[in-house]
Amino acid sequence: MNRGRLRAIVWKEFVQMRRDRATLGMMLGVPVMQLVLFGFAIRQEVRHLPTTVFDVSRTQESRLFVDRLIATGNFDLVAPSPDYAGAIRAIDTGRARAAIVIPEDYARRLKRNEPAHVQVLVDATDPTASQSAIGAAQLVGQATSVEILARRAGATVDPGATPLDVRVRPLYNPALKSVLFIVPGIIGMILSNILIVITAMAIVRERESGTLEQLIVTPLTRGEIMLGKIMPYVGVGLVQLTAVLVVGYFMFGVHVRGSVALIYLMALLFIIASLGLGLFISTLVTRQAAAIQVSFFFLLPNVLLSGFMFPREAMPKAAAWIGLLLPLTHFLQIMRGIVLKGVGIASLWPQMLALAGFSAAFITFAALRFHKSLE
Amino acid sequence: MNAAHAVEARGLAKHFGALKAVDGVTFDIAAGEIFGILGPNGSGKTTTIRMLCGLLTPTAGTATVAGSDVTTHPDRVKSAIGYMSQAFGLYGDLTAEENLRFYGGVYGLDRDLGARIAWAEDRMKLAELGGRLSAQLSGGQRQRLALGCSLLHRPQVLFLDEPTAGVDPAARRLFWTIIRGLADEGTTIIVTTHYMDEAERFDRLAFLSRGTLTAYGTPTEVKRTFGENMTLEDIFVQLQGSEA
Ligand SMILES: Nc1ncnc2c1ncn2[C@@H]1O[C@H](COP(=O)(O)OP(=O)(O)OP(=O)(O)O)[C@@H](O)[C@H]1O
Ligand SMILES: [Mg+2]
């Protein structure tokens, strides 16, 4: 490894990067744009969830409860449902996003000082919206309970038993992902997708334009070419990470509970793994179009199997296993651990080891595949 | 090996599957010589040069360039040679000067990089073009820039694959003046070409046809083997005709 030669190729990559404004803009703009889009999409419609009511009780008490829910501003009434299945169907078809189910014995049980059960079904596919709806429902439930208790003041009540028990059942998104959950995921998605595509094109582009032939007759070694191509994009990856963390903090209040330095360390490993994969791809194909296609091949599993969208615990075994083969899966666990739970390095080393293993494997494969000849 | 020979090819062959692109060629090139490889399209000129530069591994045969074997010591060969590929191989999104700077760095020039770039710009008549993106240069300017890049590290042997294709006569004349100057200073130069009028400029030449050597020697020797009245152009057409 010759320092001067390596410096020359890194310098060249930077000059080309600076001159390719479109790609530069994409590399820096897309991460922030995606975060903002995701973030706002999730924050929208927190209030005024269309709500259907299935009131079997049909009493003054039950209507009072519904009125209180409406008064929170989180729920807007739509046509009531004739039965339980009808309420579910209303949510499935999107006519309603929440359903309030009041059982037949609601008023009777309240009068008898027995706990009454009310069910609020919330379509939790939109996590933040549903979370605030759930919060509101529980709050109203509690307030109503306190009121009932107060009215009964004097009477001896079992202190543990709240008379009104609002059971909230989140539908479809039991994990209740919030913007907090999304930001670490987006960082991983963006780093991996953009970096894989860009490095996959790096060598193929030189092959297509004829510059690779001129590069190969120089004394540059395989290692120098590989490393020289990767190093500038490590920098790009770290800038992207910083951009998403800063925007996440100021726009969406995502605080990193753990160590920021640890995030950068782990991200560095993950960036190297992604770049290594991109390089490996670039040694498999000879056309830029093919390089893009192969990189996109990783896009879907990254979205579906890494835990970015769907909880890995709920996946079929085979899918979960395949997910383990994606660097993103491990990186998401690391990021969520650090950002959400403030976990330290002590409990992250298995994932860290996995990332280091991926990096070493991809770069070795790439160097083995990349012959310093035209064959 | 003979120290006087800058290049020695012995039974050099390259097969792509069933296609015998180069099929056992043997020749020597003396140091300081301008050696021409002539032949019609697809006759194996580029393939031969690529093997000599270590870009392709020969299917059979051996070759030494600047005293090193191309298959066993490709790295030694690479630092001793300069190569200009048939297609423009420089970075179009870098300026002329940036291309020079990059190749200088890649060839390990350090302290004398600035001086060598100045030399190349002066010698290749690039002085006013330094700041232009090389994609915007004319054919002749690009060709001189590529030549400059391949000469920064003072190679002993220079390979030029169809350097004058698509270049106007004035630019070609300028180019040949530069090449002759380099040869006079001791650089061995191997050039492929289609242009018959250029063949007279070679010290010696080889005709390739379908991967084999059909004529080899000084222009006068080659003419003698084919008959005194033939021009090189006639010979070229005759050799090409015998292929069809
Ligand atoms: N990488 C390759 N794979 C398969 N066939 C090849 C490869 N490179 C060259 N060939 C074939 O080998 C033959 C010789 O090609 P080569 O490029 O050496 O010819 P050339 O004399 O340089 O022609 P031109 O004057 O057009 O440049 C051609 O038939 C070509 O199609
Ligand atoms: Mg050719």
| note | Flagged in the stretch B:133-157 as more than 17 Å from B:W176 (Cβ to Cβ) and either modelled with pLDDT under 90 or away from chain A (no Cβ under 13 Å) (or both), in numbering order, are B:L137, B:S138, B:R154, B:Q156
| Looking at this structure, is A:T23 hydroxyl-bearing (S, T, Y) and either loosely packed, with under 14 Cβ neighbours inside 10 Å or modelled with pLDDT of 85 or more (or both)? | no
| field | Count of residues meeting criterion [under 15 Å from A:T218 (Cβ atoms) and free of Cβ contacts under 8 Å to residues at least 24 places away in the same chain] in the stretch B:77-101 | value | 1
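Residue by residue, here is whether (1) without any contact (Cβ under 8 Å) to a residue 60 or more places away in the chain; (2) crowded, with 22+ Cβ neighbours inside 10 Å; (3) under 24 Å from the mean Cα position of the chain (by Cα) holds:
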residue: A:G188; (1), (2), (3): no, yes, yes
residue: A:T199; (1), (2), (3): no, yes, yes
residue: A:V217; (1), (2), (3): yes, yes, no
residue: A:L238; (1), (2), (3): yes, no, yes
residue: A:M251; (1), (2), (3): no, no, yes
| message | Take B:F175 and tell me if it is in contact (Cβ under 8 Å) with a residue 12 or more places away in the chain, open to solvent by less than 10 Å² (accessible area, probe 1.4 Å) and in contact with a helix residue (DSSP H, G or I) (Cβ under 6 Å, 6 or more places away or on another chain). | response | no
| field | Residue identified as closer than 15 Å to A:L355 by Cα and assigned by TED's automatic domain parsing to the domain that holds A:I203 among A:L332, A:L299, A:L284, A:L279 | value | A:L332
| remark: Per the filter on the stretch A:310-369, residues in a loop (DSSP other than H, G, I, E, B), of a type in the set (A, V, I, L, M, F, W, C) and either closer than 27 Å to A:R222 by Cβ or under 15 Å from the mean Cα position of the chain (by Cα) (or both) are A:F310, A:L325, A:L326
| In the stretch B:27-48, is there at least one residue being away from chain A (no Cβ under 14 Å), without any contact (Cβ under 8 Å) to a residue 12 or more places away in the chain and either in a helix (DSSP H, G or I) or away from ligand 1 (no atom under 15 Å from the Cβ) (or both)? | no
| query | Do we have any residue at all in the stretch B:226-233 that's touching a Leu at 6+ places or on another chain (Cβ under 6 Å) and among the aliphatic types (A, V, I, L, M)? | reply | no
| Which ones in the stretch A:45-63 are at pLDDT 80 or above and open to solvent by 80 Å² or more (accessible area, probe 1.4 Å)? | A:R58, A:Q60, A:R63
| said: Residues to consider are B:G82, B:G54, B:G61, B:G105; find the one that is over 22 Å from B:G166 (Cβ atoms), within 9 Å of another protein chain (Cβ to nearest Cβ) and touching a Ser or Thr at 6+ places or on another chain (Cβ under 9 Å). | reply: B:G54
| Complete set of residues in the stretch A:210-226 that are part of a loop (DSSP other than H, G, I, E, B) and either touching an Asp or Glu at 6+ places or on another chain (Cβ under 8 Å) or more than 7 Å from chain B (Cβ to nearest Cβ) (or both) | A:P219, A:T221
| said: Looking at the stretch B:67-94 only, could you name the residues that are outside any loop (DSSP other than H, G, I, E, B), surrounded by 21 or more Cβ atoms within 10 Å (Cβ to Cβ) and of a type outside the set (K, R)? | reply: B:V77, B:I81, B:G82, B:Y83, B:M84
| Taking the stretch B:181-195 only, how many residues are within 16 Å of ligand 1 (Cβ to nearest atom) and farther than 16 Å from B:A206 by Cβ? | 0
| field | Residue list for the stretch B:49-66, restricted to those being assigned to a loop (DSSP other than H, G, I, E, B) and either within 16 Å of ligand 2 (Cβ to nearest atom) or surrounded by fewer than 17 Cβ atoms within 10 Å (Cβ to Cβ) (or both) | value | B:C53, B:L55, B:L56, B:T57, B:T59
| (1) among the small types (G, A, S); (2) crowded, with 21+ Cβ neighbours inside 10 Å; (3) on the phi < 0 side of the Ramachandran plot: which one isn't true of A:G307, the others all being true? | (3)
| note | Those residues of the stretch B:128-180 which are farther than 21 Å from B:A118 by Cα and within 16 Å of ligand 2 (Cβ to nearest atom) amount to B:F159, B:L160, B:D161, B:E162, B:P163, B:T164, B:A165, B:G166, B:V167
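The values are calculated or read from the model by the stated rules, or taken from the named source; none is laboratory data. No experiment lies behind these values; they were computed from the predicted model shown. Because the Cβ atoms are built from the backbone with ideal geometry, glycine has one as well, and the counts that use them run over all protein chains shown. Ligands, DNA and RNA are stripped out before the accessible areas are found, and what is left, the full protein with its side chains, is counted by its heavy atoms. Shrake-Rupley method; radii C 1.70, N 1.55, O 1.52, S 1.80 Å.
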